[in-house]
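Since the structure comes first, as structure tokens, the remarks are kept for the end.
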Amino acid sequence: MIISDSFQAADGVEIAWRETGQGRPLLLIHGFMSEADTNWIKYGHAAALASAGYRVIMPDLRAHGISGKPHDPKFYTRDILADDQFALLAHLDITDYDLGGYSLGGRTVSRMLARGAAPGRAIISGMGLEGLTHTGNRGAHFRNVFDNLGQHEKGSPAWMAEAFLKTTGGDPAALRHILDSFVDTDAAEIASWTLPVAVVCGEQDHDNGSAADLAALLQHGKLFTVPGNHMSAVTKPELGQACVAALTGDPW
């Protein structure tokens, strides 16, 4: 069973979340232009994690899904997505938890860890080292997508991103502001983390740099490779299976 609820962030933006399962809390954050349903529920990943004994809490990031989508840039301050997740944990009175995210969700996990989040274990998925340390590179790609809607060459990465935007019904004006909230995470900061961090990435996914380099930099990092590229890996059951293995296996 999927439960839906929402709360107001400090700036008044409505943040929605879905949850399923009972047990240890797991905050699971979706990727850019997606939402909880597409990233985690539709293809069975949330169900697999719930079956493994987790209370899976899946927010829709601001500007995404059924959360608020304001167009005023004042609602997209730097690191606002991490702010929202800290607020959600506080709203739910959760202090002992695990943490995971895909793509932008993985980047948000990194920002939370950089700012003092202390989960038992973390998953950074659909993300490589460069996607955390040099966020402007990916930001430029998406600015091009939004600034030239309807003009991208068929089959190009920008065209595929626009096609995904259409399938999720995303709001381009709100989503473009998200890009201004990105904050780089320094490699030295990443290397300082002492908790087990699983890097779960599609074997053909190079959109955000090298997942292997990220795993190698982490003190207790482990690479879990799954089939697919950045888009298709989400549709594979192996993604959920890898998340379960990362959270329930022996620590490394």
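Laboratory data are not the source of any read-out in this text; all were calculated from the coordinates shown. Note that the coordinates shown come from a computational prediction; the quantities given were computed from them, not determined experimentally. Neighbour counts are summed over all protein chains in view; Cβ atoms, including those assigned to glycine, are modelled from backbone coordinates with ideal geometry.
Observations
- Net charge over other residues, Cβ less than 10 angstrom from the Cβ of Phe146 (K, R count +1; D, E count -1): 0
- The magnitude of the dipole of the chain, with charges of +1 and -1 set on the Cβ of Lys/Arg and Asp/Glu and taken from the Cα centre, is near 240 debye.
- In order along the range 91-106, the phi-based Karplus estimate (6.51 cos²θ - 1.76 cosθ + 1.60, θ = phi - 60°) of 3J(HN,Hα) comes to 4, 8, 6, 10, 10, 10, 7, 10, 9, x, x, 10, 6, 4, x, x Hz; Gly and Pro are listed as x.
- Summing Cβ point charges (Lys, Arg +1; Asp, Glu -1) relative to the Cα centre of the range 112-211 gives a dipole of roughly 220 debye.
- Separation of the Ile66 and Ala173 label points, Cα + 7 Å toward Cβ, nm: 2.4 nm
- R0 of 25 Å, Cβ-Cβ distance Gln219-His141: FRET efficiency to nearest 0.05: 0.25
- In the distance distribution for the range 1-92, Cα-Cα pairs more than 17 Å apart total 45 percent.
- Enclosing the Cα atoms of the range 1-51 in their convex hull gives a volume equal to 89 cubic angstrom per residue.
- Residues in the range 169-180 carry Karplus couplings, in order, of x, x, 9, x, 5, 5, 5, 4, 5, 4, 4, 6 Hz; the curve used is 6.51 cos²θ - 1.76 cosθ + 1.60 with θ = phi - 60°, and Gly or Pro positions show x.
- Within the range 73-217, the proportion of Cα pairs with more than 20 Å between them is 50 percent.
- Dipole of the chain, positive direction: furthest Cα of Gly136, Pro172, Val13, with charges on the beta-carbon: Pro172
- Between Thr194 and Asp79, the contour length at 0.36 nm per residue exceeds the Cα-Cα span by 39.2 nm.
- Ratio of Rg to Rh for the chain: 0.93 [Cα atoms; Kirkwood radius as inverse mean 1/r over pairs].
- Shown in residue order for the range 245-251 are the 3J(HN,Hα) couplings computed by the Karplus curve 6.51 cos²θ - 1.76 cosθ + 1.60 at θ = phi - 60°: 4, 5, 8, 10, x, 4, x Hz (x for Gly and Pro).
- Note on Gln8 and Ile94: their simple-model spin labels are 2.3 nm apart, each label 7 Å out from Cα toward Cβ.
- For His30, net neighbour charge (Lys/Arg +1, Asp/Glu -1) across residues whose Cβ lies under 10 Å away: -3
- Charge tally around His206: other residues with Cβ under 15 Å, Lys/Arg +1 each, Asp/Glu -1 each, net -4.
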